[in-house]
Structure formats: structure tokens, C-alpha cells
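Everything below concerns the one structure shown next.
Derivation of every value follows stated rules applied to the coordinates shown; laboratory data play no part. As the structure is a prediction and not an experimental result, all values here were calculated from the model. Neighbour counts are summed over all protein chains in view; Cβ atoms, including those assigned to glycine, are modelled from backbone coordinates with ideal geometry.
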């Protein structure tokens, strides 16, 4: 792209125009070729479908003709058996390799009887077979059909999977094509009935299709689908699906197994639908098979053609189900479009060549004034602004002439501007010299102010440091007094709590003293009771002794009483002993209670003294708290005053610092102004030098 920009405008315009025109023509040619190819393919499909209709009509008409002939022959056969048949299951005859019941027509036994069917077959050119019913099966008992060995095919049964067996089992006849010992027949099976209407056997007629198939083959071969196209038929019934019924190369082979170049099976796909069109490319194996084809088919020589193929197909129910196909060479139909595309491309190349030559001449002639514009611009670039407009027509409306005149006018205007700039540059030099002297004086004054402000800022900073130090000490003192006041408050709270505890202890001790005095009184009462018990036990002991004496006097009569009196005496002694022990214990308790009462009285007195001491401590702590509060307030006022002084000193320091910064900025500004003035002087000198290189009409 960069190399194209370096070319002359004429070359660029011609190249772009030719390229654009060629692109448009090529696109048009491609569209025409593609569209013509599509149209030809559509016509090819229409021709295939039209000719396929004729091929399908041939196949179906041949089938209908064979069907009609077979029905007529079978009706003539039935005319030879006007009477009902009879079957004797009790009588059996050897037929071939097996046995079969005897089947009669009137008195004539039909088993191995050929007198009627042989002349009939020769006269009609068909084969005839008679079947006798044997249970559910039907056995061949007489036939004109010979096997591969020339023997009559008798003694065999009709296979139950044969479609005719299904129809006969329902009492219906069956008609369909079949291949018997290598020959094709149109067959018809007709039930043979007895006098009661029961099926006792079968009549079979096979119409030889050799002539019909030969005529159909010739008719299909005569259909033209191009030099490399042909019509063919393949079976669609389950037993022969895909097998070629008519085909110039693959007759009798499985077409469904043939693969295309992409691995698909086009003929197998045709078996899946009722009709359609399929396009494919032959595989290499198929190309090789058709390469040496070149045989005569229907009076014409078939060519192998190109690998790209297309066929139309139509399913038909005749011949037990077939698919009729018409195949053609795609390239043969699109050859005209290919030739048209080639011709269009050649015409496009010639048109591009002619148009390029014409455009080259036109642009070269019309862009010649551009050279004048280029020369004028080169003179202006060299500093020569004396460009005239003598070579252009003032009345011309051509854009290039207008550009040339505009360049000349621009050069004249720039020359006037250069002259004005030359005068202004001289004046600017004089002004710059004056500004330089002024800037130097301002810089010297600013340096003096900067030194004074720096000294003042240092003094203010020292004062602010001192004030801040004193303020910090006052604040620390305030914090200590506040802490002491808090400790005094906590001490007062502790003494209040101790006073409350001492009061509760005093109450508890006083209550305990009262309880001990009550206990002392109760122990004294218990002592009196114990003394009474001792007296009772002594009296009891005395009475027991007297009773013992009286019992001894009584002799044997008082012996029992003496024993009782002795036990009472012993009990009185134990009671007296226990009472004595209780008395001792009561005495100890009384003594201990008296000691406890005395101790509790002393404790009550000490608790009262403790309460009074706590009251005194609480009073002192209240006084300390009051004094601490006054000290804290005074320290706070001092700290606040010092903080205000520190803030004022700091504010003063900041103001002085700002003044110093302003002085610094003024100094820098003065220095920069001096530098800029020097630059301005240099710039004025350079501008004068640059302006001097331009040549104008004024000089």
C-alpha cells in the first residue's frame, strides 16, 4: 500500500479504476456463471424427472401386460377342468421322492398325469403345475416345469413362507413375478375346489417373461439421459432389496452396497423414499469400473462420463416392488455454463486492458496541471514566495487551475505576513532586553526577602516548641491529678462498702451474743431438770433397796419380787450415773456458753470501734477527693491556657512558613522570569534569522 502511494496520481487513478472495474466484472461474471449453472442443474433435474416418468411408465406397462397375459393363460387352463375336483386322502401315490393324496378330475387321476397340461404348456408357451392338498401343505403332483437336470419338479411342497401360501390359505388366488430355475415368470396360483367348495388343490400357471424383459430392457436402454446417462431398475422387495433388475453394468448385483466418494450409499438412500433426486460423486472403484465401459446399450455407446453424477428415482409397486432410476452426468449438463464462464472471463480481461489504456491517456492529459502546482509548492518550500498566476486562465473553472491560483494567493499572503513578522521580531528583541534587566532586579529583591523570612520563621518555631513543651507538661499534670481524683473516688467507695460490711458484722455479732445468752439460760434450765432426775433416781434406788429387804423377809414368796426390786435398783443406779454424766456435760456447756457470751460482748465492742474508724477514714477520703477535684480543675485551666498559647504559636509559625513559601515562590518566579526573558531574546533572534531566509516582493 505504501509503494502505491509513491506512484503518480494518474497511475494510482488508473490502477484503482481498473482494479475496481475488473472486480465488478468478475463478480458479475461469477454471478452469471453460477446462476447459469444453477439454471442448467434445475433443467437437468426437470429432464431427469420427465424422462424418469417415461421409464416408470414402461416398467409398469410391461408388468401390466405380463399380468394380463398370465391371467388370460390361467383362465384358459381352468377351462380344461370344467368339473369340480375330488381329493382322496385315504389313497396316496408316490410322487417324486414323496407321497401325496390322490387328486381326481371326474374319474381321471391327476397325479403324474401330463396328458392335459403338457399340450397346454406347449401351446401357450407357459409352465403348468398341479398341486394336491396334504393337510395344510400343497404337494406338486404334476408339472411341465423341468429342473436343472431336466427332471420334472414334482413331489415338493409349496413353501409356507411363499406369499402364495398366505393367499391360498385364505381361499384367494395370488399373482406375482418369480424366478424358477434361472428363468423369470409371471406366476398365478388359483385354488382348486371340490363339489363342496373346499380347497383340495392348486392350479399354477407361469408365464415366461423372457420376451417381455428383453423388450423392456431394450426400451429402457433406448431412453437417453445424455452420453453418459442411462435408466435402470432395482428391486425393492425384502428378498431382493437393492438388486439390479435392469442395469447396463451391474445387472443382478446389489446396488445398495455401492459407495460414493464420501462414503455414503446413494442407491441405498433411494430405497428409503418414494421419489427424489440424489447427487453424488462416484468412488474411485466405480470410476475404474466405468472407465472401460464404453459398451453399446440400446443401440448407443455409453461413455464413462465424469465422477459427478445425479439420478432421479421413483418407487413403483409393480414387480413386487421396484425403484426406477434415471442417472446422468452432471458435468455434461453444466458444460455450457463452464464454457460461458470462460468466455466471460476472457471478455473481462480484454475489457480491463482497453479500459486501462483509455484511462491512462485520459488521466495523464487531465492531470498535467498538477506539475505546475508541485513546482510552485517546491519554490514556496525553498523560501521563494514570489509565485505568480500568469500561466493560468483567470476564467477557468478547472479544479487544478483553481488550486494553482489559490497557491499563488496563499504565497502572496504569507509574504505579507513574513514582512510583518520581521518588524515585530525587531521590536520584540528591544523589549526583551528591557525585561531582562527588570527581572534581574526582582530576583535580587526576592532573595533578600527570603533570608529575612527564614530567620523569622526559625524564631517563631523555637517559641512554638517551648510553648508546646510547657503545654505537654501541664496536660500531663492534669492527667495525674485526674487519676488521683479517680483513686480517691474509688477509695471512698471502698470505705463506704467497708462501713456497710462492718455495720452488718456488728449486727450479726450482736445477734449471736443474744443467742448465746439464750443458750446459757436454757442450759441452766436443763441443769435443774437433771438435778430433779438425780433426786428421783436416788429415791427409786432407796425404794428398791427397801423392797429387796421386804422380799427377803418374805422368803420364797417374795423371791420374784426381790428380783424385780434388784432390777429396779440397777436401773436407778444407771439413771443416776447417766444423770451425773449429763450434769457434767451441761456444766461444760454452761461454762462454754458463758465464755462465748463474754467473747461476743468483746467482739461487739471491737466492731463498734471498727465502724467508728471506717467513718473517720471515709471523712478523710471525702476531703482528699474534694482537694483532688480542685487541683484537677486548676490543672485543666492551666493546660487549656497553654494549649491556646501553643495553638497561637503554631498558627503564627504556619503564617511565617507560608510567608517564607511565598517569598520562595517569588524568588523562583523572578528567576524563571529572568530565564524566560533570556529565552525570549534568543527566540526573537532566531525568528529574525528564520524570517530573513524568505524572499518576498517587499524585499
> Rounded to the nearest 0.05, what FRET efficiency is calculated for residue 210 and residue 342 with R0 set to 60 Å and r the Cβ-Cβ distance?
Replying inline: 0.75
> Fully extended, how many nm does the chain gain between residue 433 and residue 357 (0.36 nm per residue separation, minus their Cα-Cα distance)?
Replying inline: 20.6 nm
>> Taking R0 as 30 Å, what FRET efficiency do you get between residue 525 and residue 505 from their Cβ-Cβ distance, rounded to the nearest 0.05?
In response: 0.45
> Using the count of nearby Cβ atoms within 10 Å as a rough guide to exposure, how do 74, 22 rank from fewest to most?
Replying inline: 22, 74
> Using 0.36 nm per residue, how much length does the chain from residue 194 to residue 644 gain when fully extended, once their Cα-Cα distance is taken away?
Replying inline: 147.4 nm
> Taking 0.36 nm per residue of separation and subtracting the Cα-Cα distance, what length does fully extending residue 581 through residue 291 add?
Replying inline: 89.3 nm
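Can you order the peptides 173-185, 206-218 by their average number of other Cβ atoms within 10 Å per residue, highest first? Kindly include the intermediate steps, with their values, before the conclusion.
Values: 173-185: 16.0, 206-218: 17.5.
The peptides rank, most packed first, as 206-218, 173-185.
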>> When a/c reaches 1.5 or more, the comparison of a/b and b/c decides; with that in mind, is the range 78-209 rounded, prolate or oblate per its Cα gyration tensor?
In response: rounded
> Name the residues of the range 191-209 whose amide N is less than 20 Å from a point 7 angstrom out from the Cα of residue 107 along the C-beta direction?
Replying inline: 195
> Two-decimal Rg/Rh of the range 68-122 from alpha-carbon positions, Kirkwood Rh?
Replying inline: 1.03
> Using the 10 angstrom Cβ neighbour count as an exposure proxy, how do 518, 124 rank, fewest first?
Replying inline: 518, 124
